[in-house]
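J.: One structure follows; several queries about it will come next.
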Amino acid sequence: FDCRESVRPMMFYTGDISQDGKSAKFKGNGWGLLRGSRYYSYYPYDAEGTVSTVHVDYSGQRQASDGSSAHLGAFDYMHSWVDVPSGEDDAINIRYRRIGCTAKMVFAIPEKYRTSAFTSLTLSAGNAIFMTSGVYDPSREYPARGTNGQAETVTFSGRQMSGAFTIDLGGAQGIECDTDGKLTIYAMMSPTAWAGQNIEVRLDGQKSGSK
């Protein structure tokens, strides 16, 4: 957390997050929230992050098995801000808003490739439509998006764009499709306007690449 006051330093606390991920208990000794102040927080941790600059990087994603989404957490960027009341109550309720989006892709694998393990998925477009990395300001209030308003349309600086997006599948061993010949892949991405784009999908495997 960072309290944006010029004479007050950044404060970090250790804590335990509940199993359902909906609450946390912070541990400290004789500390409290500064009443009448605004606090900012972001996820996941950025060692170089500040109150005004947080880095986002969607490269390096690796899915462990067919249909697994366990890898998404490290790329599910979000942030929050909250004002502490000036009264006696120290309690605050932190509501995070997501920055990216989850892409779910389901492929029907041809019969001749079903015995092969797949090692990577690459999406390619004629234009550089995929944001691989960028920097945003967590202290800004961005327009909400989504039906429940739990996500935001964030403006990035220093954006790195690419015409291709690749996700690793299972490392050197690769992953196999299910018994019905379906392969389900998840990825975290920056929201991208795909309308009107011609996107090529390539799955590479231990036998050979297939499109």
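J.: Using a 1.4 angstrom probe on the protein heavy atoms only, line up 95, 114, 140 by accessible area, largest first. Mind dumping the intermediate values first?
T.: On the way: 95 175, 114 85, 140 110 Å².
My answer, sorted largest first, is 95, 140, 114.
J.: Have a look at the stretch 69-108 and give its Rg and Dmax from the Cα atoms, expressed in angstrom.
T.: Considering the stretch 69-108 through its Cα atoms, Rg and Dmax are 16.7, 59 Å.
J.: Follow-up question, since we're still on this one. I want to check the label-to-label distance for residue 43 and residue 55. Put each point 7 Å from Cα in the C-beta direction and report it in nm to one decimal.
T.: 2.1
J.: Grab the Cα-Cα distance for residue 172 and residue 23, subtract it from 0.36 nm times how many residues apart they are, and report the gain in nm with one decimal. Spell out each step's value before the answer.
T.: Working: separation 149, 0.36 × 149 = 53.64 nm, distance 3.70 nm.
Length gained, residue 172 through residue 23: 49.9 nm.
J.: Here is a follow-up. Evaluate the distance, in nm, between pseudo-label points positioned 7 Å from the Cα of residue 35 and of residue 195 along their respective Cα→Cβ axes.
T.: Roughly 5.0 nm, to one decimal.
J.: On a C-alpha basis, how far is the centre of the stretch 76-127 from the centre of the stretch 174-197 in Å? Whole number, if you could?
T.: Centre-to-centre (Cα) distance: 13 Å.
J.: Further question: Need one value: the accessible area of residue 200 in square angstrom, 1.4 angstrom probe, rounded to the nearest 10.
T.: Looks like 80 Å² after rounding.
J.: Now for a different question. Test of understanding: what is the full-extension gain from residue 108 to residue 179, defined as 0.36 nm times their sequence separation minus their Cα-Cα distance?
T.: On the way: separation 71, 0.36 × 71 = 25.56 nm, distance 1.11 nm.
24.4 nm is the gain from fully extending residue 108 to residue 179.
J.: Taking each pair of different alpha-carbon atoms in the stretch 78-208 once, compute 1/r for the pair, average those values, and report the inverse of that mean as the Kirkwood hydrodynamic radius in Å to one decimal.
T.: Numbers: mean 1/r = 0.0565 Å⁻¹.
Every distinct Cα pair counted, the radius reaches 17.7 Å.
J.: Heavy atoms only, probe 1.4 angstrom, no DNA, RNA or ligands counted: give me 99, 92 ranked by accessible area, highest first.
T.: Numbers: 99 5, 92 55 Å².
Reading off the accessible areas and sorting them downward yields 92, 99.
J.: How far, in nm, would the chain grow between residue 82 and residue 115 when pulled straight, counting 0.36 nm per residue and subtracting the alpha carbon separation? Present the calculation step by step, with values, prior to reporting the outcome.
T.: Working: separation 33, 0.36 × 33 = 11.88 nm, distance 5.17 nm.
Taking residue 82 through residue 115 to full extension adds about 6.7 nm, to one decimal.
The values are calculated or read from the model by the stated rules, or taken from the named source; none is laboratory data. Just so it is clear, the model here is predicted, and its values are computed rather than measured. Positions of Cβ are backbone-derived with ideal geometry, glycine not excepted, and every protein chain shown enters the neighbour counts. SASA here: full protein model, heavy atoms, side chains in, ligands and nucleic acids out. Shrake-Rupley method; radii C 1.70, N 1.55, O 1.52, S 1.80 Å.
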